Amino acid sequence: MIPDADDFARREAARPSRAARLIAGALTPANVITGLLVFVAWRHTPDGYHAAAWTVLTIALVVGLPYLILFRALRLGRADDRQVVRRSQRPALMVAALGCVVGALAALTYLGAPQELVALVVAMAGRLAAMTLITLRSKASMHMAVAAGAVAIAILETPAGWLTLLLLPPIAWARWRDGRHSPGQLATGALVGALAAAAIYAALA
């Protein structure tokens, strides 16, 4: 079988859905990560100035840099689209993103960032490393991995975090409806993301 054939066939067979694309676009991994970083930084920093500084620095390193790498890959033809539908194109980009996260961890540790923010970035690195290994064999959903990991951390942070579980069904539906992932790929991403984030954050925060 041609590599990535199932993923291409699924995407081509999907009927266009504006609702699915709006949901997936609003709840991209970048947006979910940004929201979680803002929440953790402001919750565990004593004043607004330092909270804003930690937030901007961390977002630049763990969101901005990986997207710059993706855009460069698109220009060079190393990725077909921003969703990176080809599983074979994902590992190199994920390793590069992991390098950005590790760099962010080093910077935050050196600069004395709040322990909870450092724990969050370690959890991101662990989740991304696990997803990179899985992607060598199967295209698990990064949307679901990031969202489920964020939900797990929100639940550990506050009892109201359980409400964020409501985000997972719409994301899963949108990715399935748009032909981006099979139910198995969605479930794998959610399971890996939740377990990695919960285990690491609970141990370090």
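The values are calculated or read from the model by the stated rules, or taken from the named source; none is laboratory data. Everything numeric here is computed off the predicted structure, so don't read it as measured data. Note that we place each Cβ from the backbone using ideal geometry, even for glycine, and neighbour counts take in every protein chain shown. Side chains are part of the model used for accessible areas, which takes the heavy atoms of the whole protein and leaves out ligands, DNA and RNA. Shrake-Rupley method; radii C 1.70, N 1.55, O 1.52, S 1.80 Å.
Could you tell me whether any residue of the range 86-99 is in contact with a helix residue (DSSP H, G or I) (Cβ under 7 Å, 6 or more places away or on another chain), farther than 17 Å from A30 by Cα and buried (at least 18 other Cβ atoms within 10 Å of the Cβ)? Checked the range 86-99: at least one residue is in contact with a helix residue (DSSP H, G or I) (Cβ under 7 Å, 6 or more places away or on another chain), farther than 17 Å from A30 by Cα and buried (at least 18 other Cβ atoms within 10 Å of the Cβ). Please verify whether the range 59-79 includes one or more residues that are among the aromatic types (F, W, Y) and at pLDDT 90 or above. Yes; the residues of the range 59-79 include at least one that is among the aromatic types (F, W, Y) and at pLDDT 90 or above.
Only one of V122, V102 is under 27 Å from H44 (Cα atoms), open to solvent by 30 Å² or more (accessible area, probe 1.4 Å), touching a residue at least 24 places away in the same chain (Cβ under 8 Å) and more than 12 Å from the chain's Cα centre (by Cα); which? From the options V122, V102, the qualifying one is V122.
Residues in the range 1-13 that are assigned to a loop (DSSP other than H, G, I, E, B) and touching a helix residue (DSSP H, G or I) at 6+ places or on another chain (Cβ under 7 Å) were compared, and the one that is nearest to W176 (Cα to Cα) is D4.
Take the conditions (1) crowded, with 23+ Cβ neighbours inside 10 Å; (2) touching a residue at least 60 places away in the same chain (Cβ under 8 Å); (3) β-branched (V, I, T); I200 misses just one of them, which is (1). Pairs meeting the criteria (first residue in the range 178-197 and farther than 15 Å from P29 by Cβ and of a type in the set (S, T, Y), second residue open to solvent by less than 20 Å² (accessible area, probe 1.4 Å) and not in a helix (DSSP H, G or I), beta carbons under 6 Å, at least 6 apart or on different chains) are T188/A140. Of all residues in the range 135-181, those satisfying the criterion of being farther than 19 Å from A20 by Cα, open to solvent by less than 10 Å² (accessible area, probe 1.4 Å) and touching a Lys or Arg at 6+ places or on another chain (Cβ under 7 Å) are T135, K139, G149. Among the residues making up the range 48-92, those that are out of contact with any Phe, Trp or Tyr (no Cβ under 9 Å at 6 or more places or on another chain) and of a type in the set (D, E, K, R) are R72, R75, R78, D80, D81, R87, R90. Would you check if A24 is small (G, A, S), at pLDDT below 95, part of a helix (DSSP H, G or I) and within 30 Å of V85 (Cβ to Cβ)? Here the answer is yes, as A24 does meet what is asked.
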